[in-house]
Amino acid sequence: MKVINTISDLRAFLDLARREGKTIGLVPTMGALHEGHASLVRRSVAENDVTVVSIFLNPTQFNDPSDLERYPRTLEADCQLLDACGATVAFAPTVKEIYPEPDTRTFSYPPTDTVMEGAFRPGHFNGVCQIVSKLFSYVEPDRSYFGEKDFQQIAVIRRMVEDLGLKLTIVPCPVVREENGLAMSSRNSLLKPEERAIAPKIYATLANSVVFAEGHSVKETHDFVVTAINSVPGLEVQYFSIVDGRTLADVKSWDESDFIVGCITVFCGATPIRLIDHIKYKGEE
Ligand code: PAF
């Protein structure tokens, strides 16, 4: 695997690959890679001739400087994992390389980017669109792979791709979970042992709520999830929204859409660590 740090070297490498008729897959990441990322990389390797994985801790998508500061950084281990997965290129630029000047562009795709994470982390999706649009323009991939764990992020990026008229295909990939159900996330490495012990209750409750929802309304299902999670000492729901899986607008009844998803963010422990997850109630398995 080649490690490339500059946009010009990346472009030169990919121009050659394209001239040879090769297809290109892109997996954007912020590093601190785990099995969830590995599954995206393996899928890209299986479906494309060249797989580029970007490793860039993007400052413009962090609205809380302490969150950025404590985000895990594990470049050497990341490169080993990518090599083992068969990635062609790890693109690991500096902040100066990506943002020689401040990025003043604004992206706005309501309601996908204004609800849930968009409401609680103002500017977050604008930063995600800034970096992902730059990566798309450097790499010009045929396909780009995103984990469904960040369910809302995929909806926002799809809108951006439509808006900018880009030709690539966005490939959503299923959440990878630990044996106890906890969705894999780079932030899990920040959890203390006692927090790891309670964090799986989030997905266990979401899974139970699918059965509960069969005999109850949207509001009752919402309250079931929030009450059950908040009753666990050390867990506190920031929001739980039951939404249309495409527009992310709230639904009030199960008949309102053929694709309904519950999206949750929970504070775990004293620090606290923000954990996000979702569950599908209806449609698009
Ligand atoms: O999902 C992430 O890790 C980031 O939001 C992404 C897509 C790599 C952009 O920085």
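Key figures for this structure:
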{"quantity": "Given (1) crowded, with 18+ Cβ neighbours inside 10 Å; (2) farther than 14 Å from L40 by Cβ; (3) among the polar types (S, T, N, Q), number of the condition Q80 does not satisfy", "calculated": "(1)"}
{"quantity": "Pair list, Cβ under 8 Å, 6 or more apart: the range 187-205 residue farther than 20 Å from E35 by Cα, other residue loosely packed, with under 15 Cβ neighbours inside 10 Å and not hydroxyl-bearing (S, T, Y)", "calculated": "I198/P233"}
{"quantity": "Matching residues, the range 135-155, being among the polar types (S, T, N, Q), under 24 Å from S8 (Cβ atoms) and crowded, with 23+ Cβ neighbours inside 10 Å", "calculated": "S144"}
{"quantity": "Any hit, the range 201-214, residues being within 16 Å of the ligand (Cβ to nearest atom) and either among the acidic types (D, E) or in contact with a helix residue (DSSP H, G or I) (Cβ under 7 Å, 6 or more places away or on another chain) (or both)", "calculated": "no"}
{"quantity": "D67, sole failed condition from (1) assigned to a loop (DSSP other than H, G, I, E, B); (2) surrounded by fewer than 18 Cβ atoms within 10 Å (Cβ to Cβ); (3) within 14 Å of the ligand (Cβ to nearest atom)", "calculated": "(1)"}
{"quantity": "Qualifying helices (runs of 4 or more DSSP H) (wholly inside the range 146-222; at least 3 residues being over 23 Å from V251 (Cα atoms) and more than 15 Å from the chain's Cα centre (by Cα))", "calculated": "151-164, 193-198"}
{"quantity": "The range 140-173: number of residues that are away from the ligand (no atom under 15 Å from the Cβ) and either under 16 Å from P28 (Cα atoms) or of a type in the set (S, T, Y) (or both)", "calculated": "3"}
{"quantity": "I229 being in contact with a Gly (Cβ under 8 Å, 6 or more places away or on another chain) and modelled with pLDDT of 95 or more", "calculated": "no"}
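Listed here are the residues, each with its yes/no results for (1) hydrophobic (A, V, I, L, M, F, W, C); (2) in contact with an Asp or Glu (Cβ under 7 Å, 6 or more places away or on another chain); (3) within 20 Å of I157 (Cβ to Cβ); (4) in a loop (DSSP other than H, G, I, E, B).
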{"site": "L16", "(1), (2), (3), (4)": "yes, no, no, no"}
{"site": "V53", "(1), (2), (3), (4)": "yes, no, yes, no"}
{"site": "P72", "(1), (2), (3), (4)": "no, no, no, yes"}
{"site": "E101", "(1), (2), (3), (4)": "no, no, no, yes"}
{"site": "F107", "(1), (2), (3), (4)": "yes, no, yes, yes"}
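The values are calculated or read from the model by the stated rules, or taken from the named source; none is laboratory data. Source: prediction; values computed, not measured. Every residue, glycine as well, gets a Cβ built from its backbone with ideal geometry; the counts of neighbours run over all protein chains shown.
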